[in-house]
Amino acid sequence: MSDPKPTIYEADPHTQAKHRILRAYLERWFPILDKQAQRVNRRGHRLLYVDGFAGAGEYEQGIPGSPLIPIETALGHSHQFKCPIEIRLIEKRADRAQHLRQLIREKKAKLLAPTNLIIPDPIEGDCEEEVRKLISHCNSSGHSLGPAFFFLDQFGYSSFSMDLIRSILGHSMCETFSYLNWNMLHPFMADPTKHPGITKAFGGDEWRDVIDRTGQERENLFRRVYLDALRKRGGAKYAYPFAMRDVNHRVIYWLFFCTNKFEGLEQMKRAMWSVDRSGGFEFSDKFVSERSSLFAYGDAELARDLVAELAGQVLTVQAIGEFALAYTPACNYLDALGRMEREGSVRPINPPQNRRQGSFGDYPDMRIEIRRVEKTTQGSLFGV
Ligand SMILES: C[S@@+](CC[C@H](N)C(=O)[O-])C[C@H]1O[C@@H](n2cnc3c(N)ncnc32)[C@H](O)[C@@H]1O
């Protein structure tokens with residue numbers, strides 16, 4: 001893909017929104033990983049952040065780029081880290097790699113006290129090649145790859161393969177947060193020269209079903225097929241999308257978060273919610289229920305969607321929570337369950353005698369029946 005931009009360029013609003021999600025997630029996730037890594041206590045353990053498409057490290061007017069976000073987050077955190085945090089940066093374009101290297105050297109020189117950060121010189125190279133080298137090195141040296149977070153923030157859609165996602169997620173405690181540009185992709189989908197790139201991104205060619213579709217149906221189907229590929233082929237237990245829209249509310253790109261840890265998904269959902277959603281464009285996951293926007297998605301909407309999707313089933317509180325987090329915009333579900341019990345649309349089966357009505361948080365294994373009641377609006381189709 002041609003990239004006419006200069007070494008450093010302006011950070012547009014959705015880039016800054018993307019950074020806010022990243023920062024909010026790392027703020028939550030670093031301390032959790034730190035505690036987990038101490039428990040595992042393997043040889044050479046450390047937390048690893050890999051930025052596979054690192055850019056120059058900053059934007060015009062000194063706005064920090066993604067490589068600085070884990071550094072600032074770790075240095076400014078109130079948590080006392082026991083584990084070192086290693087930050088690996090990869091950038092293909094020579095001018096940006098050079099700028100980034102210089103910037104990182106300056107940052108390191110300014111650190112007054114020793115820190116728990118390990119920041120090797122940024123690598124000038126191709127993300128997929130370099131990440132594969134890193135994985136082989138870990139495999140051959142007996143060091144674990146995880147806990148690790150891989151930020152795969154490409155410009156287009158074909159700079160890394162589904163197989164790379166699979167190789168990363170196949171390791172314990174590894175997650176990916178990746179970018180796919182719909183704006184660059186869909187106008188050219190009928191162009192056969194683009195097909196190998198799209199097939200590489202999917203790891204297969206099921207995406208071709210989308211070619212003949214139009215409008216919203218095309219966009220929804222494409223996103224759904226890619227999410228299926230992330231789960232089935234990429235090996236993600238949980239894959240969750242986040243859309244960045246332009247001022248005309250058209251999707252520019254999606255970010256896809258993949259993890260095998262429910263707690264990771266929970267924290268990422270909270271990070272996504274914490275992003276400022278006021279602006280001329282919507283960082284919306286409106287499409288998740290295809291009926292309601294993130295702004296309006298509260299307990300009532302979740303209750304409606306749980307009934308629409310799960311009525312007639314008996315599930316544990318934990319399983320309902322997993323469903324809510326993985327397939328709806330919600331990041332809290334306990335209040336919605338309380339509301340549903342009051343309305344009669346959930347019925348706990350053999351609840352403990354001392355349990356208060358509406359309380360679910362202490363009973364993850366309690367089984368509950370989800371029922372349709374007269375006043376509940378029916379019908380919801382999830383796009384994830
Ligand atoms: C969207 S920008 C990254 C922005 C950066 N992550 C940030 O948020 O500040 C994508 C970067 O990936 C670089 N790039 C393109 N192809 C690459 C590849 N195959 N491997 C590594 N970097 C690549 C581009 O030069 C560009 O700087």
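Any read-out appearing in this document is the output of simple, stated calculations on the displayed coordinates, not a laboratory observation. Because the structure is a prediction, the values reported are computed rather than measured. Here the Cβ positions follow ideal geometry from the backbone for every residue, glycine too, while neighbour counts run over all protein chains shown.
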Inset, instruction - Among LEU111, ILE87, GLN36, pick out the residue whose Cα is farthest towards the positive end of the charge dipole of the chain, where Lys and Arg carry +1 and Asp and Glu carry -1 on C-beta, about the Cα centre. - result: GLN36
Inset, instruction - Would you work out the charge dipole size for the chain about its Cα centre, treating the Cβ of every Lys and Arg as +1 and the Cβ of every Asp and Glu as -1, and quote it to the nearest 20 debye? - result: 920 debye
Legend entry - Neighbour net charge for HIS77 - beta-carbon separation under 14 angstrom, K R +1, D E -1: +1
Legend entry - Phi-based couplings in Hz for region 71-76 (Karplus 6.51, -1.76, 1.60; Gly and Pro marked x): 5, 5, 5, 5, 5, x
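Using C-alpha positions alone, give me the convex hull volume of the chain per residue in cubic angstrom. Before the final figure, lay out each step's value.
Working: hull volume 60.6 nm³, N = 384.
Expressed per residue, the convex hull around the Cα atoms of the chain is 158 Å³.
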Inset, instruction - Would you pull out the residues with amide H under 5 Å of ILE63's amide H, same chain only if 5 or more places away, H placed 1.01 Å from N? - result: none
Inset, instruction - Round to a whole angstrom and tell me the spacing of the C-alpha centers of region 99-129 and region 196-229. - result: 37 Å
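Only counting other Cβ atoms within 10 Å, I'd like MET173, MET244 sorted with the fewest neighbours first. Don't skip to the answer; put the middle values down first.
Numbers: MET173 20, MET244 24.
The most exposed by this proxy come first: MET173, MET244.
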Legend entry - ³J(HN,Hα), Karplus 6.51/-1.76/1.60, whole Hz, each residue of region 216-229, x for Gly, Pro: 5, 4, 5, 5, 4, 5, 4, 5, 5, 5, 5, 4, 4, 5
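Using DSSP to call loops (not H, G, I, E or B), can you name the chymotrypsin sites (Phe, Trp or Tyr not before Pro) in region 1-96 whose Cβ has at most 16 other Cβ atoms within 10 angstrom? Spell out each step's value before the answer.
Details: sites: TYR9, TYR25, TRP29, TYR49, PHE53, TYR59, PHE81; in loops: TYR9, PHE53, TYR59, PHE81.
For chymotrypsin sites (Phe, Trp or Tyr not before Pro) across region 1-96 that sit outside H, G, I, E and B with at most 16 neighbouring Cβ atoms in 10 Å, the list reads TYR9.
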Inset, instruction - Rounded to the nearest Å, what's the spacing between the alpha carbon centres of region 50-88 and region 6-28? Just the number, please. - result: 11 Å
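Using DSSP to define loop residues, name the chymotrypsin sites (Phe, Trp or Tyr not before Pro) in region 134-202 whose beta-carbon has at most 13 other beta-carbon atoms within 10 Å.
Hits after loop and neighbour filter: nothing returned.
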Inset, instruction - Tabulate in residue order the Karplus-calculated ³J(HN,Hα) for region 329-340, using 6.51 cos²θ - 1.76 cosθ + 1.60 with θ = phi - 60°, rounded to whole Hz; enter x for Gly and Pro. - result: x, 5, 10, 10, 10, 5, 5, 5, 5, x, 4, 5
Legend entry - Ranked list, fewest to most other Cβ atoms within 10 Å of each Cβ, for LEU306, LEU227: LEU227, LEU306
Legend entry - Residues LEU33, LEU103, LEU302 arranged by fewest to most Cβ contacts within 10 Å: LEU103, LEU302, LEU33
Legend entry - Computed helical MRE - 222 nm, the chain, DSSP H runs ≥ 4 contributing -39500 (n - 2.57), nearest 500: -12500 deg cm²/dmol
Legend entry - For the chain, with +1 on Lys and Arg beta carbons and -1 on Asp and Glu, the positive-most of GLY338, ALA239, TYR9 along the dipole: GLY338
